[in-house]
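Since the structure comes first, as structure tokens, the remarks are kept for the end.
The values are calculated or read from the model by the stated rules, or taken from the named source; none is laboratory data. Please read all numbers here as calculations on a predicted model, not as lab measurements. Heads up, the Cβs are rebuilt from the backbone with ideal geometry, glycines too, and the neighbour counts pull from every protein chain shown. For accessibility, only protein heavy atoms count, side chains too; no ligands or nucleic acids. Shrake-Rupley method; radii C 1.70, N 1.55, O 1.52, S 1.80 Å.
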Amino acid sequence: MSLSAKRESLARIHGRYQRAGRPHKTRILEEFCATCGYHRKAALRLLNHPLRTAPPQRSGPKRTYEPGEVLPVLKTIWLASEQLCSKLLRAALPEWLEHFERRTAPLPEALREKLLKISSAQIDRLLRPARVAHPRKGLCATRPGTLLRHEVPTRGGPPDTTRPGSVEADTVAHCDDRTEGDYVHSLTFTELFSGWTENRAVWNKSAQSVLVELKELELVVPYAMKDFHTDNGGEFLNWALHRHLTGRAAQVPWTRSRAYRKNDNAHCEQKNWTHVRQLFGHDRFGHPELVPLMNDLYAKEWSQFTNHFKPTFKLLKREKKNGRTKRIYEKTPQTPYQRLLESPAIPEATKVKLRAEHAGLDPFVLKKSIEAKLKKFFTALGNLDRESTKT
């Protein structure tokens, strides 16, 4: 029996029990226990005391964050920010609140102060009903390249994340659950100091297409590439890329990961999930017509949204104690845009351009444009899939 049905039955029988004489109370008590499943002693305690008319008072201190007051604003920002974790959302709230108020109306000062002081644990408690399950994992489509194994050394020790310019690159296969045939791949380029990440789509990850995208990215990113690190895939270990990196006047040091050690490319691997899989999912993109649509989103709204408005944590150091490794992260996460502005290695002219670009951006407008382009993309994907099955 449901809880509401039990309460209705209790209210009905309680009146009968209070009015009945002593000979009839035993029969009513047995009927109540059989109907509602109460133990006899528990039923006696309920029937011999007045029924509670008001709901029970919540124990403990008064709530500071009433869900009805805080949750509408918090949930709107959480969904628009691609469901940031509570610690990153707490760091992003000050800037997102400014844009939220511009789009709606100024918040009451008391509510604004609450949102700015809220803890990450409280955010988790408030957003717990709205959490969504993660989709399944995809397949690995990296095929080892053997041509330049001896020309490209493996990286010794951890990467240098103290200065801008160290770049890691990787590919993501949009192949669903099978790797045969032709399909789209996404390239991920991550700068390690700031976390600035750019994505591009290519058809079949050929050596030439990867080289074209790398040349384009070097022209648009707000930092100069000082060194380059990839995995052992054949799309990277080829002579075309080797000539581009080593044949220039100022050669770019190029290193590769150890075989079957994904953690050697960890900064880029995590972006494969947050910047590609969470955006496009695990579907198979088996049509070259999809590449321009993906790049239109990657190069514009998605790059601005992730690099200007999504903060990330940065690992400061590791400590080993009693056989366990403790990772210590910076206390306040920052966006890649903020980290580049604080770096003395970035020219002032570049910082002026970044500030001017940032001043003209609105995360809610970017999010709306991203959703519109995704809808257009998946509509095109569905139409192309249907056309291919007809033939």
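Determine which single condition residue 200 fails, assuming it passes every other condition in (1) open to solvent by less than 50 Å² (accessible area, probe 1.4 Å); (2) among the basic types (Lys, Arg); (3) in a helix (DSSP H, G or I).
Result: residue 200 passes all but (3).
Of the residues that sit in the range 33-48 and are under 14 Å from residue 17 (Cα atoms) and within 52 Å of the chain's Cα centre (by Cα), which one is surrounded by the most Cβ atoms within 10 Å (Cβ to Cβ)?
Here the residue is 43.
To keep it simple, each residue is scored yes or no on (1) over 30 Å from residue 366 (Cα atoms); (2) of a type outside the set (Ser, Thr, Tyr).
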residue	(1), (2)
12	yes, yes
22	yes, yes
76	no, no
85	no, yes
111	no, yes
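So in the range 270-292, with the set limited to residues that are outside any loop (DSSP other than H, G, I, E, B) and open to solvent by 50 Å² or more (accessible area, probe 1.4 Å), which one is modelled with the highest pLDDT? Can you show your working first?
Step one: list which residues in the range 270-292 are outside any loop (DSSP other than H, G, I, E, B), which gives 270-280, 284, 290-292.
Keeping just the survivors that are open to solvent by 50 Å² or more (accessible area, probe 1.4 Å) gives 270, 273, 278, 292.
Working: 270: 88, 273: 89, 278: 89, 292: 94.
The qualifying residue modelled with the highest pLDDT is 292.
For the range 241-260, enumerate the residues that are of a type in the set (A, V, I, L, M, F, W, C) and at pLDDT 85 or above. Write out each step before concluding.
Step one: list which residues in the range 241-260 are of a type in the set (A, V, I, L, M, F, W, C), which gives 241, 245, 249-250, 252, 254, 259.
Across the range 241-260, the qualifying residues are 241, 245, 252, 254.
Could you list, in sequence order, all residues of the range 258-301 that are under 23 Å from residue 217 (Cβ atoms) and basic (Lys, Arg)? First the steps, then the outcome.
Narrowing the range 258-301 to residues under 23 Å from residue 217 (Cβ atoms): 262, 264-280, 285, 288-301.
Answer for the range 258-301, where residues must be under 23 Å from residue 217 (Cβ atoms) and basic (Lys, Arg): 262, 271, 277, 300.
For residue 335, state whether it is among the β-branched types (Val, Ile, Thr) and either open to solvent by 80 Å² or more (accessible area, probe 1.4 Å) or out of contact with any helix residue (DSSP H, G or I) (no Cβ under 7 Å at 6 or more places or on another chain) (or both). Walk me through it before giving the result.
Values: among the β-branched types (Val, Ile, Thr): yes; either open to solvent by 80 Å² or more (accessible area, probe 1.4 Å) or out of contact with any helix residue (DSSP H, G or I) (no Cβ under 7 Å at 6 or more places or on another chain) (or both): no.
No, not satisfied.
Quick test of your reading of the structure: residue 388 fulfils all but one of (1) among the small types (Gly, Ala, Ser); (2) open to solvent by 40 Å² or more (accessible area, probe 1.4 Å); (3) modelled with pLDDT of 90 or more. Name the failing condition by number.
Status for residue 388: all satisfied but (3).
Residues in the range 188-206: is at least one out of contact with any strand residue (DSSP E or B) (no Cβ under 9 Å at 6 or more places or on another chain), under 21 Å from residue 300 (Cα atoms) and of a type in the set (A, V, I, L, M)? I'd like the intermediate steps shown before the answer.
Filtering the range 188-206 for residues out of contact with any strand residue (DSSP E or B) (no Cβ under 9 Å at 6 or more places or on another chain) gives 206.
Retained after the next criterion (residues that are under 21 Å from residue 300 (Cα atoms)): none.
Taking every residue of the range 188-206 in turn, none turns out to be out of contact with any strand residue (DSSP E or B) (no Cβ under 9 Å at 6 or more places or on another chain), under 21 Å from residue 300 (Cα atoms) and of a type in the set (A, V, I, L, M).
Determine if the range 270-278 includes at least one residue that is among the aromatic types (Phe, Trp, Tyr) and within 29 Å of the chain's Cα centre (by Cα).
First, the residues of the range 270-278 that are among the aromatic types (Phe, Trp, Tyr): 273.
Then keep just the ones that are within 29 Å of the chain's Cα centre (by Cα); that gives 273.
Among the residues of the range 270-278, at least one is among the aromatic types (Phe, Trp, Tyr) and within 29 Å of the chain's Cα centre (by Cα), which makes the answer yes.
Checking the condition among the basic types (Lys, Arg) and at pLDDT 90 or above, which residue from 112, 125, 155, 103 passes?
Working: 125 fails: at pLDDT 90 or above; 155 fails: at pLDDT 90 or above; 103 fails: at pLDDT 90 or above.
Residue meeting the stated conditions: 112.
Show the residue pairs meeting these rules: Cβ distance below 8 Å; 6+ apart or different chains; first residue within the range 302-321 and over 25 Å from residue 83 (Cβ atoms); second residue open to solvent by 20 Å² or more (accessible area, probe 1.4 Å) and of a type outside the set (Lys, Arg).
So the pair list comes out as 316/328; 316/329; 316/330; 317/328; 318/325; 318/328; 319/325; 319/328.
On the given criteria, is residue 195 surrounded by fewer than 18 Cβ atoms within 10 Å (Cβ to Cβ), in contact (Cβ under 8 Å) with a residue 12 or more places away in the chain and part of a loop (DSSP other than H, G, I, E, B)? Outline the logic, then answer.
Values: surrounded by fewer than 18 Cβ atoms within 10 Å (Cβ to Cβ): no; in contact (Cβ under 8 Å) with a residue 12 or more places away in the chain: yes; part of a loop (DSSP other than H, G, I, E, B): yes.
Criteria not met by residue 195.
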